[in-house]
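The values are calculated or read from the model by the stated rules, or taken from the named source; none is laboratory data. Fair warning: this is a prediction, and the values are worked out from it, not measured in the lab. All Cβ positions, even for glycine, are placed from backbone atoms using ideal geometry, and neighbour counts span all protein chains on display. These area figures cover heavy atoms from the full protein model, side chains too; ligands, DNA and RNA do not enter into them. Shrake-Rupley method; radii C 1.70, N 1.55, O 1.52, S 1.80 Å.
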Amino acid sequence: MQLCDTALAAGGLPVLRTVKPHVAVVIDLEDLADPATGPATATMGFGAVISAARARWIACDSTVSRVVFGPDGAPIDLGREQRLADRYLRRAVELRDGGCVFTGCGAPTWWAEVHHLIHWLDGGETNLNNSALLCERHHTQVHHGFRVERQPDGTWRTWRPDGTEIRTGPPLVRPAA
């Protein structure tokens with residue numbers, strides 16, 4: 001996954017038919033916004049059927065385009081795109097967080113993604129206060145029930161899906177030889 005992220009970030013991928021490489025997912029707005037798992041609710045551009053939960057996970061790091069279809073199946077409203085954190089916000093999050101904020105993780109900023117603490121589907125804004133830097137592994141875990149939260153003093157805390165907090169002990173020190 002990290003190799004794919006790096007290749008995409010390098011910007012050297014070809015443009016095919018005026019479009020950069022992308023993933024298409026079709027899902028009804030109600031299913032996208034509903035927190036239920038919703039098995040077999042969304043369709044990938046190549047025909048695979050996925051759950052609403054998986055579609056929400058894909059949408060988290062994506063540009064989302066709204067397309068409204070009429071009763072005859074023809075698009076009648078192309079809506080607007082929902083943008084991700086721009087380079088300035090990403091840089092501010094990188095400088096503040098220094099790497100993945102998940103408890104015990106040391107992944108550097110260049111392996112991390114800007115995550116909305118309150119998802120934009122739920123009214124979360126794309127701003128510094130609503131952002132956290134998470135590596136791919138921990139970003140996936142947050143979308144599967146784990147939770148990170150920034151404290152008033154600027155520190156981060158992490159909870160498992162069962163509500164127990166993840167804590168780490170003091171760093172290990174090698175005994176003197």
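Taking the criterion of being under 14 Å from Trp57 (Cβ atoms) and touching a strand residue (DSSP E or B) at 6+ places or on another chain (Cβ under 6 Å), the residues of the stretch 26-43 that qualify are Ile27, Ala42. Selection within the stretch 143-159: residues that are within 30 Å of Leu3 (Cα to Cα) and in contact with a helix residue (DSSP H, G or I) (Cβ under 9 Å, 6 or more places away or on another chain). The member of this set that is surrounded by the most Cβ atoms within 10 Å (Cβ to Cβ) is Val148. Could you tell me which residue of the stretch 95-119 is least open to solvent (accessible area, probe 1.4 Å), considering only residues that are over 27 Å from Thr37 (Cα atoms) and of a type in the set (Phe, Trp, Tyr)? Here the answer is Trp111. Scanning the stretch 120-139 for residues that are under 16 Å from Ala107 (Cβ atoms), open to solvent by less than 40 Å² (accessible area, probe 1.4 Å) and in a helix (DSSP H, G or I) turns up Glu136, His138, His139. The set of residues from the stretch 21-30 being open to solvent by 50 Å² or more (accessible area, probe 1.4 Å) and in contact with a helix residue (DSSP H, G or I) (Cβ under 7 Å, 6 or more places away or on another chain) comprises just one member, Val23.
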